[in-house]
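Below is one structure, written out as structure tokens; comments come after it.
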Number of protein chains: 2
Amino acid sequence: MPRLRLALAQTNPIVGDLAGNAEQVLDAARAAAAAGADILVTGEMALSGYPIEDLASRPGFLAKCRDAVPTLAKRLQDAGLGDLVVIVGHPDGPFEPRLLGTSSAPTAIAQNCASVLQHGHTKARYAKHHLPNYSVFDEYRVFIPGDELLVLRLRGVDVAVIVCEDLWRDGGPLGRVLEADAGLLVVLNASPFERDKDEVRLPLVTRRAIETNTTVAYVNLVGGQDDLVFDGDSVVVDGTGDILARAPQFVEHVLVIDLDLEPANLGVELPDNVRRVTLTVPEHSGTRLDRDVATLPDDREQLWNALVLGLRDYVDKNGFSSVALGLSGGIDSAVCASLAADAIGADRVFGVSMPSRWSSDHSRSDADDTAERIGLHYSVEPIADLVLPIEHQLDLTGVAAENVQARVRGIILMALSNAHGHLVLTTGNKTELSVGYSTMYGDSVGGFAPLKDVPKLLVWDLARWRNEHAASLGETPPIPESSIAKPPSAELRPGQTDQDSLPPYEVLDGILDAYITNALGREDVAALGFDEETVDFVVGLVDRSEWKRRQGAIGPKISGMAFGRDRRLPITYRPSH
Amino acid sequence: MPRLRLALAQTNPIVGDLAGNAEQVLDAARAAAAAGADILVTGEMALSGYPIEDLASRPGFLAKCRDAVPTLAKRLQDAGLGDLVVIVGHPDGPFEPRLLGTSSAPTAIAQNCASVLQHGHTKARYAKHHLPNYSVFDEYRVFIPGDELLVLRLRGVDVAVIVCEDLWRDGGPLGRVLEADAGLLVVLNASPFERDKDEVRLPLVTRRAIETNTTVAYVNLVGGQDDLVFDGDSVVVDGTGDILARAPQFVEHVLVIDLDLEPANLGVELPDNVRRVTLTVPEHSGTRLDRDVATLPDDREQLWNALVLGLRDYVDKNGFSSVALGLSGGIDSAVCASLAADAIGADRVFGVSMPSRWSSDHSRSDADDTAERIGLHYSVEPIADLVLPIEHQLDLTGVAAENVQARVRGIILMALSNAHGHLVLTTGNKTELSVGYSTMYGDSVGGFAPLKDVPKLLVWDLARWRNEHAASLGETPPIPESSIAKPPSAELRPGQTDQDSLPPYEVLDGILDAYITNALGREDVAALGFDEETVDFVVGLVDRSEWKRRQGAIGPKISGMAFGRDRRLPITYRPSH
């Protein structure tokens, strides 16, 4: 059987940074060539970053992306890497707007492509057929679907090339891969992390490999891009469903593997719309590489890593030198501070305690303790003298007065941001955000919300995991035990707790999971056994909070249904009962 | 020639309010029947409101919409309106998720339908074929396309029924209308207002009427729904391109017209996938109705009306009793106050002047003058004593100190909102928003931004128009001349003007129009004759302000490219040069 040495480049591009992203591919190509690889495959759109959203409708942007491909080919050749076959993902265009026909989008002028580079030239190009337009994806809005399949013949093996969604759909390119009898199927992906996605993605790859009796090499991007976190986890599965190689999650990596593949069946006629390109690669000698199969850590560690990477990349890719956040002594801000320190180092994290008249002693001491455990920059700014003049002048009482406290804290954080260039982190969690339990322009200020997609019960879980993890490494647990143990409170009035206004978190998170993540109707949520009045109360809060969420910071998505791109609902909405 | 009396119901639904929206259709049906109409046609999704966004993915919501159709049929019958043929738009579902096939969206479980009701029953249903997925539209995300054409035979005339986008595409249903030789084509629409859209929409309707040699009746919704404003402007055009009837813009209306139509060609065989349903309508006697053709007002009046309606419906549909806004004495807040008074009455508008140390005498007097001219509720809350303690405690200077003033004003407005239930209006204009020239959580606070899509030069134009309009009616011009005439300033430091930080507005708005509305690249903007450094400066500001815009209030769209649904760009983006 012919052997191909395949390298999968799990790169972390920045959207728009064509030169920097090309440099990442070059680095991966150097590593691949040094390891004796014949082919290097990147993730989807590795050259432009993903998703590019409506940048795909800008002719100037597309022209730059198109030019970047031959430039990369030439740089590979100039770097002495010309023999290596590099398959790189990128947008292509501008094309004539897609015209008419059923369900066409007249504005699309781009295609989502994979180009095959060798010896300083572009040898072939494949355009993605299936354009996902659900959940976080809007590809049908901006891309024109391709209709040709590409097969590369290398060392006697037929290698089919497809992009991401093409793998997920029955029929289409996959059917033709079967007919073309390819020995290897490479798939370029930009597949964002979500909890338990490995329980969907790997079985799919495995099923496709078995169905087509073909080795499937699945390459994914890695890194944070706004509210998406790409987790890498690139994998190679053979036609029996055996995992031959797997890259680690959440880090840039070049995975190299030797594949003994079925030679091309020379008797098979090419189906319509399949283009075959024959490439010559030099023979290598040397021993067969061992399998390199990374194992996934447990659920909580995966989630923690996703949040850390999402935060780090938002800060670094947007050019912030530091972050600032309020430390209340509570669990949410302690977990955010710990995430931030893990993401960018404690020396780039600035915590501010902002006690009010109603702040308890334990709040102050827990905030101090958090700062000390993590080793971040810390300051204390009491707010009582700033709040009172406002309360008095406006003669405020009740919620209107309570919110002034949160808003003065917002002013302090934003002033420190203006003065020192910090990115302000919003410390609220998904549960609060779901029901609108926060003060607009108060605790909701900030550009990035690390816990935006983390429900309260999971915040506690992650805090416990992070502390256990520290303990297992002999390090100081970053989160004070009392921040984990005490009943949550906004402390905007004496003796307040969250449960004055909200059902117990066990109930609340259960209802929210059903209503938001699983998109059940009110009746179906109640049918799960929750009290009907409580369901009505919670659903009412969620429906009325849409306008607040629209004005909030973005944050990393970790669930199947996150606020933001995933769940798009009207603000003006009067439910019918 | 057979004569049909046709009624077009330009209703203003609230998304989700099935009972209230059905009531609007019933009211229109009563009016239509009283006028002797044979058929009543509503706008697209008149029963559910439009757009319903991801509500279309909720089985429970769809089931309620489905049930609302026979309920409406029965109510029409019970009201003695059973003879009237009512064609009503609504979502239908849940269906099995659309499966596979090219570019399919596995999550769609709904169709965008028009149902034909008569004598208490649903006689026929049409599902929209062409699902727009560009600009503000996301229909391909949530709907399954239909594939059958519907022709109703009434009084010997064939009446074809299609929905909105079906009219805009060559091929598809339109081609089959030609083959079916229909005498009348009715089109249910939800077509949002944008500037100069009448220059696109009417010519299209006219072209289709002439091409198919068929009378076309185009019915549009009216009203504000979040950032969209539907303008009505329903119209009937005959096969020679003659306008037979036209409804007024921006108001609910039932337009009734007599149409003498070609009888069905009995020799024509029905093409595949065309369903014909024969309905009997009673004969009417009586004289032929006169033409009823509304004329459109000029551009500025149309824009003003669009902004007023968008604001009114956001306030009323979301159940706010009043609005609050800061009155700085400047042009933007004066125009917002005037729009608000026109939308909901001055007695529901609360203006607050919040002078600082740096506020000029004319700012205070112009704010007073605005309040008096409009007759709104007015209060003055000086901010100096609230700002100083914050500045001193945090030792702030420069921009960090300047922004505290804007943020204390934000606190005041939000405190009044919390205390009295006002919706806070954000007074910033599109130019400011484009370049990020505002203070986050300061002047940007608020739930609705009336001028979000109005560039600065147009704000001045509209102010002048509104004053002239008042003068022509013998009323007090609402906007002080000095607010229009003086150089704009944020007044956050002594002697500040906008032009300390920004190019002259004539240049700035020109560049923004090219870069944002026309989506030109940097080079193409410069090629229009703008100074290259200025273009780079402005483009850089726009690109870096994406995160601010994501956290801002929604506001009515009036241009071809508004921030919000129209223009979807990454925050994390490093342009390549």
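Computed values, structure above
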{"item": "Cα principal axis extents for chain B, largest first, Å", "result": "86, 55, 45"}
{"item": "Out-of-range pairs (alpha-carbon distance over 29 Å; input A:486/A:557; A:197/B:430; B:64/B:317)", "result": "A:197/B:430"}
{"item": "Environment charge of residue B:2, counting only residues whose C-beta is closer than 15 Å and scoring Lys/Arg +1, Asp/Glu -1", "result": "-3"}
{"item": "Measure of compaction for region A:151-200 (Cα Rg per 2.2 N^0.38 Å)", "result": "1.32"}
{"item": "Neighbouring partner chain Cβ atoms per residue of A:40-52, average, 10 Å criterion", "result": "1"}
{"item": "Mean-position separation - Cα centroids, region A:7-62 and region A:205-244, in angstrom", "result": "17"}
{"item": "Rough spin-label spacing in nm, given labels placed 7 Å along Cα→Cβ, for residue B:298 and residue A:95", "result": "4.6"}
{"item": "For residue B:272, inter-copy label distances in nm, listed shortest first [label point 7 Å out on the Cα-Cβ vector]", "result": "1.6"}
{"item": "Solvent-free Debye scattering, log10 I(q)/I(0), computed from the Cα coordinates of region B:300-495 at q = 0.09, 0.11 Å⁻¹", "result": "-0.30, -0.45"}
{"item": "Order of B:42, B:572, A:71, A:534 - criterion: other Cβ atoms within 10 Å of each residue's Cβ, fewest first", "result": "A:71, A:534, B:572, B:42"}
{"item": "Between 0 and 90°, nearest 10: helix A:398-420 axis offset from chain A longest Cα axis", "result": "50"}
{"item": "Residue-averaged 222 nm ellipticity for chain B, from DSSP H runs of 4+ at -39500 (n - 2.57), nearest 500", "result": "-11000 deg cm²/dmol"}
{"item": "Residues residue A:136 and residue B:518, FRET efficiency given R0 of 25 Å [Cβ-Cβ distance, rounded to 0.05]", "result": "0.35"}
{"item": "Alpha-carbon centroid distance for the pair region B:427-481 / region B:322-384, whole angstrom", "result": "12"}
{"item": "Residue B:149 long-range amide H proximity, modeled H, under 5 Å", "result": "B:274, B:275"}
{"item": "Virtual paramagnetic centre 7 Å along Cα→Cβ of residue A:365, amide N under 17 Å, in region A:325-341", "result": "A:328-331"}
{"item": "Charge tally in the Cβ shell below 13 Å around residue B:348, where Lys, Arg are +1 and Asp, Glu are -1, residue B:348 excluded", "result": "-2"}
{"item": "Cβ-derived FRET efficiency at R0 25 Å, residue B:179 paired with residue B:260, nearest 0.05", "result": "0.65"}
{"item": "Helix axis angle, A:59-78 relative to chain A longest principal axis, alpha carbon, degrees", "result": "60"}
{"item": "Within 10 Å of each Cβ in A:383-393, the average number of Cβ atoms from other chains", "result": "4"}
{"item": "Rg and Dmax [Cα atoms of region B:276-317; Å; Rg one decimal, Dmax integer]", "result": "19.6, 46"}
{"item": "Length-normalised contact order for region B:300-495 - Cα pairs under 8 Å, 6+ apart - percent", "result": "26"}
{"item": "For region A:413-502, convex hull volume per residue from C-alpha positions, Å³", "result": "131"}
{"item": "Under the Karplus curve 6.51 cos²θ - 1.76 cosθ + 1.60, θ = phi - 60°, whole-Hz ³J(HN,Hα) for region B:89-97, x wherever Gly or Pro sits", "result": "x, 6, x, 10, x, x, 9, 4, x"}
{"item": "HN-Hα J in Hz across region A:276-287 - Karplus 6.51, -1.76, 1.60, θ = phi - 60°, x for Gly and Pro", "result": "10, 10, 9, 10, 9, 10, x, 6, 10, 9, x, 7"}
{"item": "Ascending list, in nanometres, of distances separating the residue A:487 label from those of the other copies (7 Å, Cα toward Cβ)", "result": "6.0"}
{"item": "Between 0 and 90°, nearest 10: helix B:384-394 axis offset from chain B longest Cα axis", "result": "70"}
{"item": "Ranked list, fewest to most other Cβ atoms within 10 Å of each Cβ, for A:72, A:8", "result": "A:72, A:8"}
{"item": "At R0 = 35 Å, FRET efficiency that the Cβ-Cβ distance of residue B:397 and residue A:372 yields, to 0.05", "result": "0.70"}
{"item": "log10 of Debye I(q)/I(0), alpha-carbon scatterers only, for region A:352-400 at 0.21, 0.29 Å⁻¹", "result": "-0.76, -1.06"}
{"item": "Per-copy distances of the residue A:1 label point, shortest first, in nm (7 angstrom along Cα→Cβ)", "result": "7.6"}
{"item": "Average other protein chain Cβ within 10 Å of Cβ, residues B:395-406", "result": "3"}
{"item": "Distance histogram for the protein assembly as shown (every C-alpha pair counted, 10 angstrom bins, percent rounded to whole numbers)", "result": "2, 10, 17, 21, 21, 16, 9, 3, 1, 0"}
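Since every read-out is calculated from the coordinates, none of them should be taken as a lab result. As the structure is a computational prediction, the values presented were derived from the model and not from experiment. Neighbour counts run over all protein chains shown; Cβ positions are idealised from the backbone, glycine included.
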